[in-house]
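This report refers to the structure that appears directly beneath it.
The values are calculated or read from the model by the stated rules, or taken from the named source; none is laboratory data. Remember, it's a predicted structure, so these values are computed and weren't measured experimentally. In this analysis, Cβ positions are derived from the backbone assuming ideal geometry, glycine residues included, and neighbour counts consider all displayed protein chains. The protein model used for the area step is the full one, side chains on, heavy atoms only, and it has no ligands, DNA or RNA in it. Shrake-Rupley method; radii C 1.70, N 1.55, O 1.52, S 1.80 Å.
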Amino acid sequence: MFSATPGLTERAYHSIDTGNARPIKVQPYQVSPQTKTAIEREIQDMLQMGVICPSGSAWTSPVVLVPKPDGEIRFCVDYHKLNAVTRPDNYPMPRTDELLEKLGRAQFISTLDLTREYWQVPLDESAKERSAFTTHVRLYEFNVLCFGLWNAPATF
């Protein structure tokens with residue numbers, strides 16, 4: 001089960017600043033029986049890992065499944081309406097050209113491909129309720145950072 005790493009400061013948690021915006025509620029999208037089965041399978045996996053939990057939030061966003069090139073599916077949430085009222089995190093992202101310039105004299109270069117990288121970052125309590133997503137089964141919320149949130153790349 002997921003638990004926040006002991007000793008992390010408050011800054012290590014991702015927040016979603018929506019100012020004084022009223023909760024946004026979007027109904028689940030209509031999906032095929034096969035898609036419902038895939039959503040249920042993904043939900044069970046995420047529940048077992050502690051990535052999500054059942055929710056009673058007033059905020060809701062619908063689920064979308066996006067096919068990957070390898071035939072797998074990517075479980076996503078359509079956060080367009082939430083993102084529209086989220087204040088941007090103006091943390092400066094590094095420039096690619098500057099990063100490449102720094103690597104110019106490197107003798108060794110390695111890469112790291114993290115699986116479900118955003119899930120390494122816990123959400124603060126108010127962000128959890130805003131991350132709520134609705135399915136044909138019920139309402140859930142994320143305990144960790146998820147793909148699709150406006151400020152997720154800057155936080156990660």
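If I filter region 79-90 for residues that are free of Cβ contacts under 8 Å to residues at least 40 places away in the same chain, within 15 Å of CYS146 (Cα to Cα) and within 18 Å of the chain's Cα centre (by Cα), do I get at least one hit?
Yes, region 79-90 contains a residue that is free of Cβ contacts under 8 Å to residues at least 40 places away in the same chain, within 15 Å of CYS146 (Cα to Cα) and within 18 Å of the chain's Cα centre (by Cα).
Are any residues in region 91-100 free of Cβ contacts under 8 Å to residues at least 24 places away in the same chain and either in a loop (DSSP other than H, G, I, E, B) or of a type in the set (Phe, Trp, Tyr) (or both), and if so, which ones?
Correct list: PRO92, PRO94, ARG95.
Taking the conditions exactly as written (touching an Asp or Glu at 6+ places or on another chain (Cβ under 6 Å) and β-branched (Val, Ile, Thr)), does VAL64 satisfy them or not?
For VAL64, the condition - touching an Asp or Glu at 6+ places or on another chain (Cβ under 6 Å) and β-branched (Val, Ile, Thr) - is met.
Sort out which residues of region 101-155 are more than 20 Å from MET46 (Cα to Cα) and assigned to a loop (DSSP other than H, G, I, E, B), and write them in order of number.
Result: GLY104, ARG105, ALA106, GLN107, PHE108, ILE109, SER110, THR111, LEU112, ASP113, TRP150, ASN151.
All but one of (1) polar (S, T, N, Q); (2) open to solvent by 60 Å² or more (accessible area, probe 1.4 Å); (3) at pLDDT 90 or above; (4) under 14 Å from the mean Cα position of the chain (by Cα) hold for GLN120; state the number of the condition that does not hold.
(3)
Go through region 99-111 residue by residue and tally those that are closer than 25 Å to ALA152 by Cβ and open to solvent by 100 Å² or more (accessible area, probe 1.4 Å).
4
When you scan region 1-34, how many residues do you find that are over 19 Å from ASN90 (Cα atoms), open to solvent by 60 Å² or more (accessible area, probe 1.4 Å), at pLDDT 50 or above and under 20 Å from the mean Cα position of the chain (by Cα)?
4
If you go through region 41-78 one residue at a time, how many are assigned to a strand (DSSP E or B) and over 15 Å from the mean Cα position of the chain (by Cα)?
3
Which residues, counting only those in region 57-94, are touching a helix residue (DSSP H, G or I) at 6+ places or on another chain (Cβ under 9 Å) and open to solvent by 80 Å² or more (accessible area, probe 1.4 Å)?
ASN90, TYR91, PRO92, MET93
Yes or no: PRO23 in contact with a His (Cβ under 9 Å, 6 or more places away or on another chain), over 16 Å from VAL144 (Cβ atoms) and not in a helix (DSSP H, G or I)?
It is false that PRO23 is in contact with a His (Cβ under 9 Å, 6 or more places away or on another chain), over 16 Å from VAL144 (Cβ atoms) and not in a helix (DSSP H, G or I).
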